[in-house]
1. So which residues in segment 96-123 are assigned to a loop (DSSP other than H, G, I, E, B) and among the β-branched types (V, I, T), if there are any at all?
2. Consider F122 against the criteria (1) under 24 Å from L29 (Cα atoms); (2) among the aromatic types (F, W, Y); (3) free of Cβ contacts under 8 Å to residues at least 40 places away in the same chain: it satisfies all of them except one. Which criterion is unmet?
3. Restricting segment 97-119 to residues that are over 19 Å from I141 (Cα atoms) and in contact (Cβ under 8 Å) with a residue 12 or more places away in the chain, which is surrounded by the most Cβ atoms within 10 Å (Cβ to Cβ)?
4. Quick check on my filter: what residues within segment 29-66 are within 24 Å of A102 (Cα to Cα) and either assigned by TED's automatic domain parsing to the domain that holds G152 or hydroxyl-bearing (S, T, Y) (or both)?
5. For segment 124-231, which helices (runs of 4 or more DSSP H) that fit wholly inside it have 1 or more residues that are more than 24 Å from the chain's Cα centre (by Cα) and modelled with pLDDT under 85?
6. Could you say whether any residue in segment 107-115 is within 21 Å of the chain's Cα centre (by Cα), over 25 Å from G60 (Cβ atoms) and at pLDDT below 90?
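The values are calculated or read from the model by the stated rules, or taken from the named source; none is laboratory data. A quick note: this is a predicted structure, and the numbers were derived from the prediction, not measured. Virtual Cβ from ideal backbone geometry, glycine too; neighbours counted across all protein chains shown.
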Amino acid sequence: MPKQPKLEHPLRIIRKTAGFTNQKRFGELVGVSGETIKSVETGRLKISQELASRIMMATGACPLELRKYSSTGKPTGKAQTQFGEPYSKEFFEHWKAGVFKATEENAVQDARTLYGWLEVLFLASARPGTDKLATLKMGFIQWLEEAKDTFGLNSQVKAVLKDRPVKALPLSPAMKRILDQQYKTGERAKPKKAKKITHYTAEWSPISMSEVPNTKESTGVIKGRKDLYHD
């Protein structure tokens, strides 16, 4: 009986067609490890709906085709665009340049849009009887750290902060109580009264930014730029 040809996962075809010969680099594009991409392409791991959606956003590939498998778990999808056409390098370049172009203007607009939903989530965690604000905040901070590393943005974050330091957040009531207690016990030396100035940081430090004294209320404003989240 002739040997059946080995099926190639459409993700592998799309990755190579888009010019990503390195699985780690493609993983950074969609926010997963290179090992995850390798596991999907070799059939050890079925692609999730979340990952298929990220790949669609990054490349324009059809997420439904990426998630087609036979009853035995073999990939049966085709390397197609979300418009049903065979995937090509030309399509990827068009998608990257025109459909979801990564510009500073688009980045600011996306930040404004998502901030509203982030605020809803934080307010929901503080509703009476919920009491999940502190853990949600820590979970979000941990996600920020993870996203920076997983998407391979360490050097880019440093460059952005060098050009546009971020305004430090005001002290939260909980942090004020902790600091007051530490001042009383002598665990922390009480600083001299600060002048009414705005503090900025050029270091990536989401977890410690709320410890920097600040007299103006702020929500992550970038120096020299209009507030990202409010008109």
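1. Kept after step one, since they are assigned to a loop (DSSP other than H, G, I, E, B), are these residues of segment 96-123: 100-103.
Across segment 96-123, the qualifying residue is only T103.
2. The failed condition is (1).
3. V108
4. S33, S53, T59
5. Details: elements: 133-150, 154-163, 173-185.
Result: 173-185.
6. Kept after step one, since they are within 21 Å of the chain's Cα centre (by Cα), are these residues of segment 107-115: 107-115.
Retained after the next criterion (residues that are over 25 Å from G60 (Cβ atoms)): 115.
From the residues that got through so far, the ones that are at pLDDT below 90 too are 115.
Checked segment 107-115: at least one residue is within 21 Å of the chain's Cα centre (by Cα), over 25 Å from G60 (Cβ atoms) and at pLDDT below 90.
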